[in-house]
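Since the structure comes first, as structure tokens, the remarks are kept for the end.
Nothing in this text is a laboratory measurement; each read-out follows from the coordinates by a stated rule. As the structure is a prediction and not an experimental result, all values here were calculated from the model. Note that each Cβ is placed from the backbone with ideal geometry, even for glycine, and that neighbours are counted across all protein chains shown.
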Amino acid sequence: MPHPVDYQAVLDQIHGEVQPLLGRGRVASYIPELAKVPGNQFGMAVVTLDGSVHSCGDAREAFSIQSVSKLFALTLAYQCVGDALWERVGREPSGSAFNSLVQLESELGKPRNPFINAGALVVTDVLCTRFVNPETALVEFVRRLSGNATLQYDDRVARSELATGFRNRAMAHFMRSFGNLVNPVDDVMDAYCRHCAIRMDAVDLARAVAFLAHGGVNPWSGEVIVDASSAKRLSALMLTCGTYDAAGDFAYRVGIPAKSGVGGGIVGHIPGRLGVCVWSPELEPSGNSLAGSVALERFTTLTGQSLF
Ligand code: GLN
């Protein structure tokens, strides 16, 4: 691929290539509202640091960002408490499912990393201590990152998860028994389900992650979100823990820091170059978007750009 890369041509090619994959995965159904999303959708967006936007397919279709919100929640909590966060959450891949409870008992209520559900609940607890309205603080933060002041969370999705999130509630109670959750479980669950239920499209998400590709600084507003060293650290966590227990395989196939969600979104970035987001709601068994993972693999192959 000659340089400079023609991102639009790459996205159009990928859009064609993934069509046979649609229909091969399964839309998440354990949150009843998510099961209603038509599976055969696909959108992808790339935003380069000069602000150019390239997109294809359903890139302007808003979807439930789910665990992608854990990246923004972590960034905000890290802004608030810095390295003290690591006394309560680890930084190692878990090697088990994102909603697993097994390690929590032997590891005395300290979750392996901030991107599994237990870790994100602790991060949300930090936000509950820090803000009167943690979910509003997070929505406002993501609005600033993306430059889209109209972003909202979807109340139906949040209520759907609140009514069925028995595992997450169990984890929260369990961690509270170890003293690693200080706010009432109901408050933490409320804030967690709301931030998971934020609706965004691929273009806004590609913009929202671009600060990590730009040394922690929002490339368009100039706002310092985190310092350069923290941006590197957050990106390292994305690479090692951002795509559930498939993170090793994802790094092997795709080779960029990324964070996925069961709504079918995956965000990633290439340092110094761009933010990227792909969305396709059907998942592979690990919980990552099936067509989305392939699309990102093709993206780093076709552009010749990755971390490595
Ligand atoms: N809200 C979802 C949950 O807690 C998020 C999971 C995900 O996207 N991996 O189960």
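For the chain, take the longest principal axis of its alpha carbons; what is the angle in degrees between that and the long axis of helix 69-81, to the nearest 10 within 0 to 90? Around 60 degrees separate the two axes. Helical runs (DSSP H, four residues minimum) scored at -39500 (n - 2.57) apiece and divided by the length of the chain put the mean residue ellipticity at 222 nm at -13500 deg cm²/dmol.
Could you give the dipole magnitude of the chain about its Cα centre, charging the beta-carbon of Lys and Arg +1 and that of Asp and Glu -1, in debye to the nearest 20?
Dipole of the chain, to the nearest 20 debye: 240 debye.
By the count of other C-beta atoms within 10 Å, a proxy for reagent exposure, Leu307, Leu74 are ordered fewest to most as Leu307, Leu74.
Report the charge-dipole magnitude of region 141-251 in Debye, nearest 20, computed about the Cα centre from +1 at each Lys and Arg Cβ and -1 at each Asp and Glu Cβ. Please list the in-between numbers first.
Working: 12 positive and 12 negative charges, 17 e Å.
The dipole of region 141-251 has a size of about 80 debye.
For Lys110, the aspartates and glutamates whose Cα comes closer than 17 Å to its Cα, not counting residues fewer than 8 places off in the same chain, are Asp83, Glu87, Glu92, Asp125. Between the listed residues Leu121, Gly265, Phe308, the Cα displaced farthest toward the positive end of the dipole of the chain, a dipole computed from Cβ unit charges relative to the Cα centre, is found at Leu121.
With neighbour counts taken as other beta-carbon atoms within 10 Å, the residues Cys196, Cys80, Cys241 rank, fewest first, as Cys80, Cys241, Cys196.
When the charge dipole of the chain is built from unit charges on Cβ atoms (+1 for Lys and Arg, -1 for Asp and Glu) and taken about the Cα centre, the candidate among Gln19, Ala236, Thr150 whose Cα reaches farthest toward its positive end is Ala236.
For Trp279, Trp86, Trp220, what's the fewest-to-most ordering of other Cβ within 10 Å of each Cβ?
Numbers: Trp279 31, Trp86 13, Trp220 17.
So the residues, fewest neighbours to most, are Trp86, Trp220, Trp279.
Computed from the C-beta positions of Phe308 and Arg60 and an R0 of 30 Å, the FRET efficiency is 0.45 to the nearest 0.05.
What net charge do the residues around Arg60 carry, taking every other residue with its C-beta under 10 Å from that of Arg60, with Lys and Arg at +1 and Asp and Glu at -1? All intermediate terms of the calculation are to be shown ahead of the outcome.
Details: positive: none; negative: Asp58, Glu61, Asp201, Asp204.
Residues near Arg60 contribute -4 overall.
Rg then Dmax, both in Å and based on the Cα atoms of the chain: 17.8, 57.
Relative to the longest principal axis of the Cα atoms of the chain, the long axis of helix 166-177 makes an angle of roughly 50 degrees. Taken about its Cα centre, region 198-305 carries a charge dipole of about 240 debye when Lys and Arg each add +1 at the Cβ and Asp and Glu each add -1 at the Cβ. Have a look at Asn40, Ser52, Val10 and report the one farthest towards the positive end of the charge dipole of region 1-69, computed about the Cα centre with Cβ charges (Lys/Arg +1, Asp/Glu -1). Value computed over the given set: Asn40.
A straight Cα-to-Cα reach below 21 Å connects Lys36 with none of the lysines, residues fewer than 8 places away in its own chain not being considered. Spin-label model, Asn133/Asp227: points 7 Å from Cα along the beta carbon direction are separated by 3.2 nm.
In terms of overall dimensions, region 73-151 has a Cα radius of gyration and Dmax of 13.7, 43 angstrom. Computed from Cα atoms, the angle from the helix 228-241 axis to the main principal axis of the chain rounds to 90 degrees.
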